[in-house]
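Right, one structure below, let's go through it.
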Amino acid sequence: DNPDKRKAGREKEKQTTAPAWRKNNLARRAAWQSKRNADQIKRTPPWLTQEHLQQIESVYVLAQQLTIDTGIVHHVDHIVPLQGELVSGLHVPWNLRAIPAAENLNKGKSFDVHKQSDLCCSITEPD
């Protein structure tokens, strides 16, 4: 019962099972990576519940499923960008949507109040 052999065995098992797990859990990995990136720039609020985190993951699952179903790559878009020029949004379920990748890449970090207001909030123009 050699500890070095056990450790080597665990490492070998990790090398063989990790790639398969990653391949079979693309949406879960994408959700985790996005949360990690948002955490790094402090855009994931600490008050999110487990249900919120599951809702976030479901948007990533939807994007993956839309990609499979349509043959068009879909991304998860932050409606209000995490690092926008005028406003910054949060990594929360109600700020996410699955859209075609081309549309998301074209949008970049921009936020057009007139185009997006129907998606996220009610905005009134100043007099």
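The values are calculated or read from the model by the stated rules, or taken from the named source; none is laboratory data. Computed from a predicted model, the values in this text were never measured in an experiment. No Cβ is skipped: glycine too gets one built from the backbone with ideal geometry, and neighbour counts run over all protein chains shown. Heavy atoms of the whole protein, side chains included, go into the accessibility calculation; ligands, DNA and RNA do not. Shrake-Rupley method; radii C 1.70, N 1.55, O 1.52, S 1.80 Å.
Exactly one residue out of Asp39, Asp77 is in contact with a helix residue (DSSP H, G or I) (Cβ under 7 Å, 6 or more places away or on another chain), farther than 15 Å from Leu26 by Cα, modelled with pLDDT under 95 and outside any loop (DSSP other than H, G, I, E, B), and it is Asp77.
Pairs meeting the criteria (first residue in segment 20-36 and under 20 Å from Pro93 (Cα atoms), second residue of a type in the set (Ser, Thr, Tyr), beta carbons under 6 Å, at least 6 apart or on different chains) are Ala27/Tyr60; Ala30/Tyr60; Ala31/Tyr60; Lys35/Thr44.
Among the residues of segment 1-31 satisfying the criterion of being assigned to a helix (DSSP H, G or I) and at pLDDT 85 or above, which is surrounded by the fewest Cβ atoms within 10 Å (Cβ to Cβ)? Let's see the steps before the verdict.
We begin by selecting, within segment 1-31, every residue assigned to a helix (DSSP H, G or I); these are 3-24, 26-31.
Now restrict to residues that are at pLDDT 85 or above: 24, 26-31.
Numbers: Asn24: 9, Leu26: 14, Ala27: 18, Arg28: 15, Arg29: 14, Ala30: 18, Ala31: 23.
The residue in question is Asn24.
Looking at segment 87-106, can you tell me whether even one residue there is within 23 Å of Lys42 (Cβ to Cβ), modelled with pLDDT under 90, open to solvent by less than 50 Å² (accessible area, probe 1.4 Å) and in contact with a helix residue (DSSP H, G or I) (Cβ under 7 Å, 6 or more places away or on another chain)? Taking every residue of segment 87-106 in turn, at least one turns out to be within 23 Å of Lys42 (Cβ to Cβ), modelled with pLDDT under 90, open to solvent by less than 50 Å² (accessible area, probe 1.4 Å) and in contact with a helix residue (DSSP H, G or I) (Cβ under 7 Å, 6 or more places away or on another chain).
Checked against (1) of a type in the set (Val, Ile, Thr); (2) closer than 18 Å to Lys42 by Cβ; (3) open to solvent by 70 Å² or more (accessible area, probe 1.4 Å), Ile68 passes all but condition (2).
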